[in-house]
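The values are calculated or read from the model by the stated rules, or taken from the named source; none is laboratory data. All of these numbers come straight from a predicted model, not from anything done at the bench. Counting neighbours? That spans all protein chains shown, and the Cβs are built from the backbone with ideal geometry, glycine included. To get the accessible areas, we keep the full protein, side chains included, count just its heavy atoms, and leave off ligands, DNA and RNA. Shrake-Rupley method; radii C 1.70, N 1.55, O 1.52, S 1.80 Å.
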Amino acid sequence: MRTKKLTRREFIEKSSAGLVATGLVPLAAQGKSRIDTSRGSLDAVAQWAADDPRRLRHPLRRPAWGLSNAGAAGETFSDLARPLIYPVPRQTELRGRPFTLRSDCLIALPAADAARDASLARFLSQELSDRYDLQLQTKHLEKLPATGKVIVLGSCQNPLVRECCHKHGVELTPQNPGPEGYVLLVDENAIMIGGSDERGAFYGLQSLRQLIRRGENGVEVPGIRVRDWPDKLFRGVKLYLPGRGSIPYLRNLIRDVMALYKFNTLMMEMNACMRLDRHPEVNAGWLDFARDTNYGRLNYPPGSLHGREQNSSHHDCCDGSFLEKDEVVDLVRWAAEHHIEVVPEVPSLTHGFYLLARHKDLSDVPGDKWPDTLCPSEPRTYQLVFEVMDEYIEVMKPHMLHAGHDEWFAPFGECPRCHGKEPGEIYGEDLRKVHAHLAERNIKMAIWGDYLLEAVRGKGLQKRTAPDGWNYTSPGAMTPEQVKKLVPKDILLFNWFWSEEEHGEANEVLLDEWGFHQVYGNMEPDLLHNYTTRSRRKTIIGGAPSSWAATTEFNMSKDLLFSILGCSNMLWSNQAADFREIAKVTQASAAWLRPSLEGVTLPSEVGDPVAPVDISAAFNMPAFDESWGADLRGMLAVSIKSGAHVFELAAATAAESKAAVGVCTTGTKPLPLPREASIPVGQDATSLLFLHACAHPATNKEAYRLLWDMQDSADLLGWYEVVYEDGLPEIIPIRYGVNILEWNWGHEKTSGKCCYDAAGIPCGKSGDQVITFFAFEWASPRLGKVIREVRLKGTTGFRGAVPGFENSFGEVIPENAVMLKALSVVRKRGAGA
């Protein structure tokens, strides 16, 4: 039997025919060339082109289509393969025949049922039914059956797992692979998932979820052996508590992203976002504060003393509202079912807007309309803080609580109670009080660690000047002597100051020498340099990417998915990757994740036929024009299929040939394209599928830079106006990094990370650049109404988010172009061809 041990890069690249939606394979269809990007390898189309150069104006050179030279200069995103398993396992062998999943397959549980094993079986049964329409039987057995196809899953305490390991000569103990580790075996007759503990078995199931693919013979799992275990103990994600409308999304995110990619901690900022029965005035003040800030079109609250800089407001936490206690309990329970511990963040000392909105007498800065800093010299401060913390503790029952303590920007000494005191001493005593309160309840404490480091926050009082010229001082960091003397060393420090600009490695060394454990907070996989070496430090126990905007599908998908996937590989496998590799994985994975995260299956994905619409008569832009730089001369003139998406690509081989429908995004100067174009449709469509791209990279800034208008943090390049037979239009925004990217995505340094709502489809080649367009599906909300036409329109003078944190919109975006290459429809059932 042939086996192959894979390197990390080979494993990411490896995608067997029929298992990944990335390759291009020419097929014969009605006498025309047809390309299927659902199966096979991109090398196949390169060979196809090489066999007959007339098929392409620029024949494809094979190395450019694969990842064999990944990381080399000029590499492009030509292969959008979803890895077989991600994070990449420690040990993997592809071997033997695949296991074909059928309704007669059996999920075997031991006769003496263990609740966790039954939970795993239920999880798998639901996954197979929901995603693949396979309903498998579960049976309790004394021993494995002699014949038939069987799936066994559980920890090393499961007797069926032990029997299977003995049969295959596999060692599985609590120590091997170790805590949270697992072994996964697949051959044509059996699947076995065995965990060193319950979490390990659960993570093995997450790897199996990723391996299941639709192939030519049905739903299959490739023959494989995996032995895997995590590198870091703390693998977290930091979010805000969601608003009520986004609770279903967060549940899906926990199950289909966090659990799937083996995270075990959810740090959730709470503020006054749960009903506080002991302090209803805190909830009421929170609502007033959030409304005043948001309705004022502000990132920071109005009315600070002399207009000075305050803490980040976080007023979009829970969408500026609050949940009932039972809703919070249910989220914590749901996370625990997926082996994720929730760590509530209840900010104290700083970021205290929510506490001070109705308790201004406890502010350290008299005169602020919305105070942010609590007075640490006022005993009543701690009565309020601890009563609020205790209410969260009673409801959420955490093992750890994060108490904030960053951004101590307040003018020091304005408060008569603190006047004349030393800020480092006050800060240290405040930490000790909160730590003691939590320790009495057997709860571990965490904080942001910046005010423990003079290299980050400066020595002594820091001179500042307000916008009106008022001079004041704010606290710098504690001295090393104060840190050693005052700060309990079992406080877990969140290290957001890991970058080269903040002298990150030196900071880590210092905290290590002082006896602290730390995790990388605000972790970014492409920016945390020298990670594999730095992470060997024993006191660095993990990390967590962070979201600093409302927990919504829009914000998470455009701002955080890239970071979550990239960090998962670092924290689990201790493998760092560059921007391009992470972006490829993210873009390829998004199409698979989207239906589960949205909770919606698009019409094309349920098997209804997709029919191309001939829009070539509406083409108005040449294949190449130096004024906008997009070169479409190398686009394939074929029918193209990617998953459920089917498009007809019309030919355009000469520069003057009309290649697409194009409109201008007018910025500081116009382009020689119209601002709008019309495409006749004339069908009662269940959905429309657009294959489009833009001419240049635009920007998708983080949502927290434009909190009062988060949608516009992604550049609006244009929109589709779908006009029904009665004249009523539906508007579909075209936003960079949401449902569109540039035609040569990945070739330029400013390329976006991904576009979650659209699937990238390689469509040809221009020189060393792969031409990638993006398939976006829109479901009609008015079934039975004929869509008369689609009008493509470009924006004029659009202003999105600022690159900083100002309370304003940014500058007008540069000129660009939206290019529509193809349009398809999902027709009414029974309508015929």
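Summary table below
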item	result
Of residues in segment 633-669 being part of a loop (DSSP other than H, G, I, E, B), over 33 Å from the mean Cα position of the chain (by Cα) and of a type in the set (G, A, S), the one modelled with the lowest pLDDT	A655
Any hit, segment 641-657, residues being open to solvent by 30 Å² or more (accessible area, probe 1.4 Å), of a type in the set (F, W, Y) and touching a residue at least 12 places away in the same chain (Cβ under 8 Å)	no
Test: residue in segment 344-357 that is among the acidic types (D, E) and out of contact with any Gly (no Cβ under 7 Å at 6 or more places or on another chain)	no
From the options E269, E324, residue that is free of Cβ contacts under 8 Å to residues at least 60 places away in the same chain, charged (D, E, K, R) and either in contact with a Cys (Cβ under 7 Å, 6 or more places away or on another chain) or surrounded by fewer than 20 Cβ atoms within 10 Å (Cβ to Cβ) (or both)	E324
Condition check for P733: in contact with a strand residue (DSSP E or B) (Cβ under 8 Å, 6 or more places away or on another chain), open to solvent by 10 Å² or more (accessible area, probe 1.4 Å) and within 13 Å of G794 (Cβ to Cβ)	yes
For G458: the one exception among (1) open to solvent by less than 40 Å² (accessible area, probe 1.4 Å); (2) free of Cβ contacts under 8 Å to residues at least 40 places away in the same chain; (3) more than 35 Å from the chain's Cα centre (by Cα)	(3)
Members of segment 670-683 that are open to solvent by less than 40 Å² (accessible area, probe 1.4 Å) and not in a strand (DSSP E or B)	L671, L673
Hits in segment 497-508 (condition: open to solvent by less than 50 Å² (accessible area, probe 1.4 Å) and closer than 13 Å to R534 by Cα)	W498, S499, G504, N507, E508
Subset of segment 687-741 [within 22 Å of the chain's Cα centre (by Cα) and acidic (D, E)]	E702, D709, D712, D715
Enumeration of residues in segment 120-140 that are at pLDDT below 95 and open to solvent by less than 50 Å² (accessible area, probe 1.4 Å)	Y132
Filtered residue count, segment 777-815, keeping only those that are open to solvent by less than 20 Å² (accessible area, probe 1.4 Å) and in a strand (DSSP E or B)	5
Total residues in segment 691-703, condition assigned to a strand (DSSP E or B) and touching an Asp or Glu at 6+ places or on another chain (Cβ under 8 Å)	3
Per-region count, segment 167-196, residues open to solvent by 50 Å² or more (accessible area, probe 1.4 Å) and more than 26 Å from K149 (Cβ to Cβ)	3
Unmet criterion (only one of (1) touching a residue at least 24 places away in the same chain (Cβ under 8 Å); (2) under 14 Å from M570 (Cβ atoms)) for R536	(1)
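Residue-wise test of (1) surrounded by fewer than 22 Cβ atoms within 10 Å (Cβ to Cβ); (2) without any contact (Cβ under 8 Å) to a residue 12 or more places away in the chain; (3) more than 21 Å from A403 (Cα to Cα).
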position: Q210; (1), (2), (3): yes, no, yes
position: R225; (1), (2), (3): yes, no, yes
position: I247; (1), (2), (3): yes, no, yes
position: L250; (1), (2), (3): no, no, yes
position: F263; (1), (2), (3): no, no, yes
position: M274; (1), (2), (3): no, no, no
position: N283; (1), (2), (3): yes, no, no
position: W286; (1), (2), (3): no, no, no
position: N294; (1), (2), (3): yes, no, yes
